[in-house]
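Reviewing the structure listed below.
The values are calculated or read from the model by the stated rules, or taken from the named source; none is laboratory data. All figures in this text were calculated on a predicted structure; none of them were measured in a lab. Neighbour counts are summed over all protein chains in view; Cβ atoms, including those assigned to glycine, are modelled from backbone coordinates with ideal geometry.
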Number of protein chains: 2
Amino acid sequence: MKIVVDGFGGDKAPEEIVEGVIIALEKHKDLEVILTGDKDRLEKLIAGRGEGKITIEHAPSVITNDDVPTEAIRKMDDSSLVRAFDILKNDEETIALVSAGSTGAILTGAIMKIGRIKGITRPALAPVLPTKKSGKDVLLCDSGANIDCKPINLYHFALMASAYYSILYSEPSPKVGLLNIGVEEHKGNDLTREAYKLLKESSLNFVGNVEAREYMSGDIDVMVAEGFAGNVLLKASEGAVGAVLSLLKSSIKSHLSSKIGALFMSKTFKELKGRIDVLSKHGGSPFLGVKKLVMKNHGSSGRDNIASSIDQAILLHNNKLIPKIEAALAEKVGQ
Amino acid sequence: MKIVVDGFGGDKAPEEIVEGVIIALEKHKDLEVILTGDKDRLEKLIAGRGEGKITIEHAPSVITNDDVPTEAIRKMDDSSLVRAFDILKNDEETIALVSAGSTGAILTGAIMKIGRIKGITRPALAPVLPTKKSGKDVLLCDSGANIDCKPINLYHFALMASAYYSILYSEPSPKVGLLNIGVEEHKGNDLTREAYKLLKESSLNFVGNVEAREYMSGDIDVMVAEGFAGNVLLKASEGAVGAVLSLLKSSIKSHLSSKIGALFMSKTFKELKGRIDVLSKHGGSPFLGVKKLVMKNHGSSGRDNIASSIDQAILLHNNKLIPKIEAALAEKVGQ
């Protein structure tokens, strides 16, 4: 099984990307990785590891967040990302692409180079987020790739994220909620009202409107949102959690008794950090709706994020995510 | 100075509303309050307090969240809210209305009974939210009253919330940020791009796009948002903070050492609670853009929220919030 990894995408590239690949190769004995990027630098970092399971595809340039995605994908043929897309496109044995580069460029590349699943106009991201319930996560789809969506896009997000959730958590019928500013059916704007109707009529397990306050309750599995609102939801949560921790920290510092108390609470702080890290990472989710697996990692991804993104690509491939989405779309059309 | 208070609006009405009025009357010696609602019940609760400074205006019915706002305002003349609006409208000496009732009904009543300031099409709420910086708050405008806004509405939100912030915090030139999914000028949807232009050209202290993650940084004074996104921002923050606290609590319970540690940390937990309460209350903000002061309190408001909402109405009246908004609008027109 082959996966192509963008060696120069992300803030911690190429060092952490290479280390992530090494971790994944140790875990998956039948895995081969193609790494794209500057050959000399990658060879030095690999330092003979990977036992012939790593192929380097030289690509001297790097697409950054400052590049305009469509232009970059069209013109920067020698970039680590475009080279990776060309391999994913042309090599049938390569099952997935992993990158921590510019989200816009990855999305654009996925659409232009790989193409959309028939019937899908808007590929979407569905990052995994934590909930109040220990061990229970929720998927948010879309989290910011698509703005100015139509109702049918939101229905597709629900369908694709449900298929994705089913595989990740072995749950045949995930509960789908629609992000809205009230729970009643008539609440929200034209988009949410129309999307509500489509979801209600579909064969998905739609539980109704869900307010932003409740998406971390653990009661729903998939939160469907237009990308602008989804992005606000995601980042507001990160910001609020960060603010609480920062208030907690500065208050502990200013009271001797709290400092002492904090020493006793190391287990609790560690547990809390573990749950919250899910939120701050939310790395490694596939662009749902693309014909092959394109895994987008957070720009700040470290080795463990890259390795787990490769893990996930293998899991999603083995459990036939894309054929399942195609089947679900066909079913709807036939109704 | 007279203020009319909806005695039966909110989850804790009428008991907590009456107590809030009593607190306010003790603080403001020249204040008179007109309380609307069931006369018998209100008289019993007042129990002779208020020394002739409370007038009860009998109104036997109550508008709830289940009533359709426009119908309720039109037809429920004998409701505590409509009676309060009629007093605010007809009595020149009454400077403000305070209610913890249905947001939709208060907004509708404000528009239908009192009317908008000339030039304003969309009155908005601008609740006070906490930031990471101790003692530093931020206003969010709009937080959910207005969905499907136009760029000019967002400019008006910025203008009105700036005038409001100036009075609350004695800051002549509040820093205004625009809620967006990226900081660059071209980011976002058509609405945010057009609003960005208007704000940039205005005489407001516009600092650019701000992501949801950063609105609690303490670096901006006013966060401008379309109502749907603003509502998601507000409620996602509440939800995320609640989730962190709930994780913290359950982890403390499950480790003896953490339980002991928590005993030492009472000061810190108290401080944290104090800051977070700002978020969960965000009660008592005026509907900006209405010709007279209409203070909307959170449905769960208790006596202190009601009293502080009355405090704020007096402050805003004395500092001429509405004339200032009118002047700012005129200035823009003249440019």
(request) Take the residues in segment A:185-205 that are more than 9 Å from chain B (Cβ to nearest Cβ) and not in a helix (DSSP H, G or I), then tell me which one is surrounded by the most Cβ atoms within 10 Å (Cβ to Cβ). (result) A:204
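To keep it simple, each residue is scored yes or no on (1) within 8 Å of chain B (Cβ to nearest Cβ); (2) part of a strand (DSSP E or B); (3) touching a strand residue (DSSP E or B) at 6+ places or on another chain (Cβ under 7 Å).
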| position | (1), (2), (3) |
| --- | --- |
| A:209 | no, yes, yes |
| A:218 | no, no, no |
| A:229 | yes, no, yes |
| A:236 | yes, no, no |
| A:251 | yes, no, no |
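When you go through B:310, B:314 one by one, which is the residue that is modelled with pLDDT of 80 or more and touching a strand residue (DSSP E or B) at 6+ places or on another chain (Cβ under 7 Å)?
On the way: B:314 fails: touching a strand residue (DSSP E or B) at 6+ places or on another chain (Cβ under 7 Å).
The unique qualifying residue is B:310.
Kindly establish whether residue A:176 is touching a strand residue (DSSP E or B) at 6+ places or on another chain (Cβ under 7 Å), assigned to a strand (DSSP E or B), at pLDDT 95 or above and closer than 27 Å to residue B:180 by Cα. I'd like the intermediate steps shown before the answer.
On the way: touching a strand residue (DSSP E or B) at 6+ places or on another chain (Cβ under 7 Å): yes; assigned to a strand (DSSP E or B): yes; at pLDDT 95 or above: yes; closer than 27 Å to residue B:180 by Cα: yes.
Spelling it out, residue A:176 is indeed touching a strand residue (DSSP E or B) at 6+ places or on another chain (Cβ under 7 Å), assigned to a strand (DSSP E or B), at pLDDT 95 or above and closer than 27 Å to residue B:180 by Cα.
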(request) Would you please name the residue that is surrounded by the fewest Cβ atoms within 10 Å (Cβ to Cβ), looking only at residues in segment A:253-270 that are within 7 Å of another protein chain (Cβ to nearest Cβ) and of a type in the set (Ser, Thr, Tyr)? (result) A:257
(message) For segment B:174-184, give me each residue that is within 19 Å of residue A:231 (Cα to Cα) and crowded, with 19+ Cβ neighbours inside 10 Å.
(response) B:177, B:178, B:179, B:180, B:181
(request) State all residues of segment B:103-124 that are touching a Leu at 6+ places or on another chain (Cβ under 9 Å), under 16 Å from residue B:227 (Cβ atoms) and not small (Gly, Ala, Ser); if no residue qualifies, say none. (result) B:103, B:106, B:107, B:120, B:123
(message) Just to check your reading of the model, which residue among B:108, B:103, B:70 is under 16 Å from residue B:7 (Cα atoms) and of a type in the set (Ser, Thr, Tyr)?
(response) B:103
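Can you name the residue in segment B:240-249 that is at the interface with chain A (Cβ under 7 Å from one of its Cβ atoms) and of a type in the set (Gly, Ala, Ser) and, of all such residues, is nearest to residue A:241 (Cα to Cα)? Steps first, answer last, please.
Start the filter on segment B:240-249 by keeping residues that are at the interface with chain A (Cβ under 7 Å from one of its Cβ atoms), which leaves B:240-241, B:243-244, B:246-248.
The next check asks that each one be of a type in the set (Gly, Ala, Ser); those that pass are B:240, B:243, B:246.
Working: B:240: 6, B:243: 9, B:246: 12 Å.
Taking the candidates together, the pick is B:240.
Is it the case, given these coordinates, that residue A:224 is within 23 Å of residue B:180 (Cα to Cα), more than 7 Å from chain B (Cβ to nearest Cβ) and touching a strand residue (DSSP E or B) at 6+ places or on another chain (Cβ under 6 Å)? Please lay out each step first, then the result.
Details: within 23 Å of residue B:180 (Cα to Cα): yes; more than 7 Å from chain B (Cβ to nearest Cβ): yes; touching a strand residue (DSSP E or B) at 6+ places or on another chain (Cβ under 6 Å): yes.
Yes; evaluated as a whole, the condition is true for this residue.
Could you run through segment A:138-167 and say how many residues are of a type outside the set (Val, Ile, Thr), outside any loop (DSSP other than H, G, I, E, B) and surrounded by fewer than 20 Cβ atoms within 10 Å (Cβ to Cβ)? Explain how you work it out, then say what you get.
In the first step, residues of segment A:138-167 are kept if they are of a type outside the set (Val, Ile, Thr); the result is A:139-146, A:148-151, A:153-166.
Okay, now just the ones that are also outside any loop (DSSP other than H, G, I, E, B), so A:139-141, A:151, A:153-166.
Subsequent filtering for residues that are surrounded by fewer than 20 Cβ atoms within 10 Å (Cβ to Cβ) retains A:151, A:166.
Residues flagged as of a type outside the set (Val, Ile, Thr), outside any loop (DSSP other than H, G, I, E, B) and surrounded by fewer than 20 Cβ atoms within 10 Å (Cβ to Cβ) within segment A:138-167 amount to 2.
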(request) Those residues that are farther than 18 Å from residue A:187 by Cα and of a type outside the set (Gly, Ala, Ser), I need them from segment B:95-121; list them, please. (result) B:95, B:97, B:98, B:111, B:112, B:113, B:114, B:116, B:117, B:118, B:120, B:121
(request) May I ask you to say which residue of A:135, A:104, A:109 is within 14 Å of chain B (Cβ to nearest Cβ) and either under 25 Å from residue A:37 (Cβ atoms) or at pLDDT 95 or above (or both)? (result) A:104
(request) Return only the number of the condition from (1) charged (D, E, K, R); (2) more than 8 Å from every other protein chain (Cβ to nearest Cβ); (3) touching a residue at least 24 places away in the same chain (Cβ under 8 Å); (4) within 15 Å of residue A:240 (Cα to Cα) that residue B:273 does not satisfy. (result) (3)
(message) Looking at (1) surrounded by fewer than 22 Cβ atoms within 10 Å (Cβ to Cβ); (2) within 17 Å of the chain's Cα centre (by Cα), which one does residue A:208 not meet, given that it meets all the others?
(response) (2)
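Residues checked against (1) free of Cβ contacts under 8 Å to residues at least 12 places away in the same chain; (2) in contact with a Ser or Thr (Cβ under 7 Å, 6 or more places away or on another chain):
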{"position": "A:92", "(1), (2)": "yes, no"}
{"position": "A:98", "(1), (2)": "no, yes"}
{"position": "A:104", "(1), (2)": "no, no"}
{"position": "A:113", "(1), (2)": "no, no"}
{"position": "A:117", "(1), (2)": "no, no"}
{"position": "A:121", "(1), (2)": "no, no"}
{"position": "A:124", "(1), (2)": "no, no"}
{"position": "A:130", "(1), (2)": "no, no"}
{"position": "A:147", "(1), (2)": "no, no"}
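With basic (Lys, Arg), more than 17 Å from the chain's Cα centre (by Cα) and closer than 21 Å to residue B:200 by Cβ as the only criterion, which of B:113, B:175 stands out? Explain how you work it out, then say what you get.
Numbers: B:113 fails: closer than 21 Å to residue B:200 by Cβ.
Every option except B:175 fails the conditions.
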(request) Please specify each residue of segment A:138-175 satisfying the condition of being touching a helix residue (DSSP H, G or I) at 6+ places or on another chain (Cβ under 7 Å) and within 13 Å of residue A:216 (Cα to Cα). (result) A:139, A:140
(request) Determine which member of the set A:158, A:145 is closer than 22 Å to residue A:88 by Cβ and not charged (D, E, K, R). (result) A:145
(message) Could you list, ordered by first residue, the pairs with Cβ atoms under 8 Å in which the first is in segment A:181-207 and under 14 Å from residue A:159 (Cβ atoms) and of a type outside the set (D, E, K, R) and the second is surrounded by fewer than 15 Cβ atoms within 10 Å (Cβ to Cβ) and modelled with pLDDT of 95 or more, at least 6 apart or interchain?
(response) A:205/A:173; A:206/A:200
(message) With surrounded by fewer than 24 Cβ atoms within 10 Å (Cβ to Cβ), touching a helix residue (DSSP H, G or I) at 6+ places or on another chain (Cβ under 7 Å), at positive phi and outside any strand (DSSP E or B) as the only criterion, which of B:119, B:135 stands out?
(response) B:119
(message) If I ask for residues that are within 20 Å of residue B:297 (Cβ to Cβ) and acidic (Asp, Glu), which ones from segment B:1-57 would you list?
(response) B:6, B:11, B:15, B:16, B:19, B:26, B:32, B:38, B:57
(message) Among the numbered criteria (1) surrounded by 24 or more Cβ atoms within 10 Å (Cβ to Cβ); (2) assigned to a loop (DSSP other than H, G, I, E, B), which one does residue B:171 miss?
(response) (1)
(message) Can you tell me which of (1) assigned to a loop (DSSP other than H, G, I, E, B); (2) without any contact (Cβ under 8 Å) to a residue 40 or more places away in the chain is the one residue B:298 doesn't meet?
(response) (2)
(request) Considering only segment B:1-116, give the helices (runs of 4 or more DSSP H) lying wholly within it that have at least 3 residues that are surrounded by 24 or more Cβ atoms within 10 Å (Cβ to Cβ). (result) B:15-27, B:80-90, B:103-109
